[in-house]
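In what follows, a structure is listed as structure tokens, so that the remarks can point back to it.
The values are calculated or read from the model by the stated rules, or taken from the named source; none is laboratory data. Everything quoted here is computed from the prediction, not taken from an experiment. Note that we place each Cβ from the backbone using ideal geometry, even for glycine, and neighbour counts take in every protein chain shown. For the accessible areas, the whole protein counts, side chains as well, though only heavy atoms, and no ligand, DNA or RNA atoms are used. Shrake-Rupley method; radii C 1.70, N 1.55, O 1.52, S 1.80 Å.
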Amino acid sequence: LQWDPMITTLPGLYLLSVGVVKPAAWLVGWTGSVVCSVGMLRFINLLFSAGNFYLLYLLLFKIHQKSKAVSGFQRILSTLTLAMFPTLYFFTFLYYTDPGSVFFTLFSYLMCLYGNHKTSALLGFCGFMFRQTNIVWTVFCAGNVVAEKLNEAWKIELQKKKDEKISSRKESFSDLTRILQFLVEYLISPKNLVTLTALTWPYIILVSLFFVFVFVNGGIVVGDRSSHEACLHFPQLFYFLSFTVFFSFPHLLTPTKIRKFLLSLRKHPVQYSLITVISLFLIWKFTYVHKYLLADNRHYTFYVWRKVFQRHELVKYLLVPFYIFAGWSFADTLKSKSIFWILMYFVCLLAVTVPQKLLEFRYFILPFLIYRLNIPFLSLYRQLLELSFYILVNAVTFYLFLNKTFQWENSDEVQRFMW
């Protein structure tokens, strides 16, 4: 019945906590002090965590159902790895919105893949109640439907023209313009628009309600808006790619990948030069540093910024070659997906990262998980390496959180290191 004005998200987590804990308390006969204890509230996220494990397994099974070479053990191992993804796993044991936000978004995605779009949109609404930016993943679910239809139409187009060259290298630089031209032609057709609307209307209703909310609320943030202003922070995409390389190095940072990248660099020097110039410009004009990033020394991002980016003014520019490799490697692992799916995912990735002024690893959880769910399985050795790395990072994180406490001069409260 009380609301802290510093809270910026909608009350999904709190409403669900009341909905779960109150009936349980009534059945067992617990008192108010037990019902609203820290332990009971954190228990809600343990339930979400168990749900996330099951959803990740079902999603891996559905997305990779045609991969006959992948064993059941590999699927379970991959599920366990993703469930232990450090940034998400850490918040399982605290009262944060992340486990619930991930649960409803993954559930919505699963229902979308099975064609239950009304259920998917309803679950998308629940995800929105946990974090407003989850509306982007509702658009992603609708985009899955659109991408599937576009891919079908594109295959027919190729068959008509019997153009084997385009069929074999549809994702190269030279064919991108032709694909974009096809995309525009397809989407301006009234017949196609009616078909797509009939398929995605539950998502359209939810997105429309979102825009009504933004209009009535005067913005996407509730509560403390001063610290959460939207801006065009393009380097957030580079930070996300670096974050993804760090946590998916068995997939992205391999000798084979590096060789392929250098070969691509030699083949397309003009394109890569242009990408480099654009990246340098985006870093120069659109780098923002949030006051929390400079002031809150509990979070790892504070130390990443201080130890890396604040070393010298040129560091942020010197990292561009690594960002370009990270982006290429990231895209290369998605080549099994259709070009329309990749374009749609990339648009959603931009929408969920770029407007954020604050560099916060929690914002990367969902785009990372959706990316990881959609890339091919690794060999058993690399999967075990990834899982071992996650366990190590989690162990270090919990050790620091529990044992390396400190205090601020102006506060008596114990402070802890965390994501």
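Quick one: if the Förster radius is 30 Å, what FRET efficiency do Asn192 and Lys62 give, using the C-beta to C-beta distance and rounding to 0.05?
With R0 = 30 Å, the Cβ-Cβ based efficiency is 0.70.
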State, to one decimal in nm, how far the label point of Ser37 lies from the label point of Lys267, with both points 7 Å from Cα in the Cβ direction.
6.2
Fraction of accessible area attributable to carbon and sulfur, the chain (%, probe 1.4 Å):
67
Quick one: what are the phi-derived ³J(HN,Hα) couplings along region 273-278, Karplus 6.51/-1.76/1.60 with θ = phi - 60°, whole Hz, x for glycine and proline?
5, 5, 4, 4, 4, 4
Unpartnered Cys in the chain, judged by a 4.7 Å Cβ-Cβ cut-off, are Cys36, Cys126, Cys231, Cys348
Among 399-410, 266-277, what's the highest-first ranking by average C-beta atoms within 10 angstrom per residue?
266-277, 399-410
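Tell me the relative contact order for region 272-346 as a rounded percent, counting alpha carbon contacts under 8 Å between residues six or more apart. Could you put the intermediate results ahead of the total?
Values: 20 pairs, mean separation 22.8, N = 75.
In percent, rounded to a whole number, it is 30.
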Give the angle, between 0 and 90 degrees and rounded to the nearest 10, that separates the Cα long axis of helix 190-217 from the longest principal axis of the Cα atoms of the chain.
30
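Given the peptides 56-65, 254-263, arrange them by the average over their residues of other C-beta atoms within 10 Å, most packed first. Spell out each step's value before the answer.
On the way: 56-65: 17.4, 254-263: 11.9.
Packing proxy ranking, top to bottom: 56-65, 254-263.
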The answer for region 292-419, accessible area per residue at 1.4 Å probe in Å², is 48
Cross-link table Lys155/Lys267; Lys260/Lys337; Lys68/Lys155; Lys68/Lys337; Lys22/Lys62, entries beyond 26 Å C-alpha to C-alpha
Lys155/Lys267; Lys22/Lys62
Given axes a ≥ b ≥ c from the Cα gyration tensor, I'd like to know whether region 229-376 is rounded (a/c under 1.5), prolate (a/b larger than b/c) or oblate.
prolate
Measuring from centroid to centroid over Cα atoms, what is the spacing of region 1-64 and region 320-388 in Å?
28
Could you work out the helix-only [θ] at 222 nm for the chain, with each DSSP H run of four or more residues adding -39,500 (n - 2.57) and the total divided by the number of residues, to the nearest 500 deg cm²/dmol?
-22500 deg cm²/dmol
Summed side-chain charge close to Lys191 - residues other than Lys191 whose Cβ falls under 14 Å, Lys, Arg +1, Asp, Glu -1
0
Once all protein chains are kept in place, Arg42 shows an accessible area at probe 1.4 Å, nearest 10 Å², of 100
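From the Cα gyration tensor of region 44-113, with a ≥ b ≥ c the square roots of its eigenvalues, which class applies: rounded if a/c is under 1.5, or else prolate if a/b is larger than b/c, or else oblate? Don't skip to the answer; put the middle values down first.
Working: a/c = 3.07, a/b = 1.67, b/c = 1.83.
In terms of gyration-tensor shape, oblate.
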Against the longest alpha carbon principal axis of the chain, how many degrees, from 0 to 90 and to the nearest 10, is the axis of helix 12-28 turned?
50
Charge dipole (debye, nearest 20) of region 184-276; +1 at Cβ of Lys and Arg, -1 at Cβ of Asp and Glu:
620
Here the residues of region 252-269 lying in the modelled label zone of Ile391, meaning backbone nitrogen under 15 Å from a point 7 Å along Cα-to-Cβ, are none
Taking 9-19, 83-93, 286-296 and ranking on average Cβ neighbours within 10 Å, highest first, one gets 83-93, 9-19, 286-296
